[in-house]
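Presented below is the structure to which this report refers.
The values are calculated or read from the model by the stated rules, or taken from the named source; none is laboratory data. Being a predicted model, the structure only gives us computed values, none of them experimental. In this analysis, Cβ positions are derived from the backbone assuming ideal geometry, glycine residues included, and neighbour counts consider all displayed protein chains.
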Amino acid sequence: MILRSGPYATFGSDVQVRVGTKRNGQHQFYYPDASVSCDSVKADVEMALILSTQAELAWFEQVTLLVIVRRIMENKYARFLHEQPDAFADPWVAEEMSVLMRLNISVLKTHKKQQHEMRLQAGQEWARAELRNKRYA
């Protein structure tokens with residue numbers, strides 16, 4: 001995927017995207033993890049302010065591609081686990097994706113544990129400071 005230098009804007013998961021119309025005539029919406037709009041005048045101004053150099057644009061294109069590919073692979077892996085053992089054409093890819101997902105979960109658990117320890121330590125320091133303040137008050 002390559003985004004040309006025309007006007008476009010990126011949006012996060014809080015933006016709904018209309019993907020079609022249901023049989024009953026109502027619009028069908030989806031909340032993707034990321035989306036890009038290529039038809040907004042406002043987007044041209046925003047992107048000019050954010051991505052002012054060719055290097056920044058190249059970085060943006062690469063990050064966007066990585067995010068989209070990651071989501072596609074995560075969704076394929078979820079299908080592989082739950083519904084479709086043949087979601088990946090190559091069994092080696094399925095195994096490698098399994099390893100990557102386990103690593104990702106491990107990193108997330110480690111990060112949560114570190115955050116918990118930091119909050120716990122901050123709470124203990126706050127409690128000690130409160131005790132010191134009460135003794136000298």
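If you take the residues in the stretch 63-94 that are part of a helix (DSSP H, G or I) and in contact with a helix residue (DSSP H, G or I) (Cβ under 7 Å, 6 or more places away or on another chain), which one is nearest to residue 33 (Cα to Cα)? Give the derivation first.
Restricting attention to the stretch 63-94, the residues satisfying the condition of being part of a helix (DSSP H, G or I) are 63-82, 91-94.
Next cut, in contact with a helix residue (DSSP H, G or I) (Cβ under 7 Å, 6 or more places away or on another chain) only: 73, 77, 80, 94.
Values: 73: 13, 77: 16, 80: 20, 94: 23 Å.
Step by step, filter the stretch 63-94, then rank; the result is 73.
Residues checked against (1) in a helix (DSSP H, G or I); (2) surrounded by 10 or more Cβ atoms within 10 Å (Cβ to Cβ); (3) touching a residue at least 12 places away in the same chain (Cβ under 8 Å); (4) not assigned by TED's automatic domain parsing to the domain that holds residue 76:
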site	(1), (2), (3), (4)
98	yes, yes, yes, yes
101	yes, yes, yes, yes
106	yes, yes, no, yes
109	yes, yes, no, yes
113	yes, yes, no, yes
118	yes, yes, no, yes
125	yes, yes, no, yes
134	yes, no, no, yes
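For the criterion of being at pLDDT 70 or above and among the charged types (D, E, K, R), residue 4 fails. In the stretch 17-46, the residues that are assigned by TED's automatic domain parsing to the domain that holds residue 60 and loosely packed, with under 10 Cβ neighbours inside 10 Å form Cβ pairs under 8 Å with partners that are at pLDDT 75 or above and not in a loop (DSSP other than H, G, I, E, B), at six or more places apart or across chains, as follows: 18/27; 18/28; 18/29; 20/27; 20/28; 22/28.
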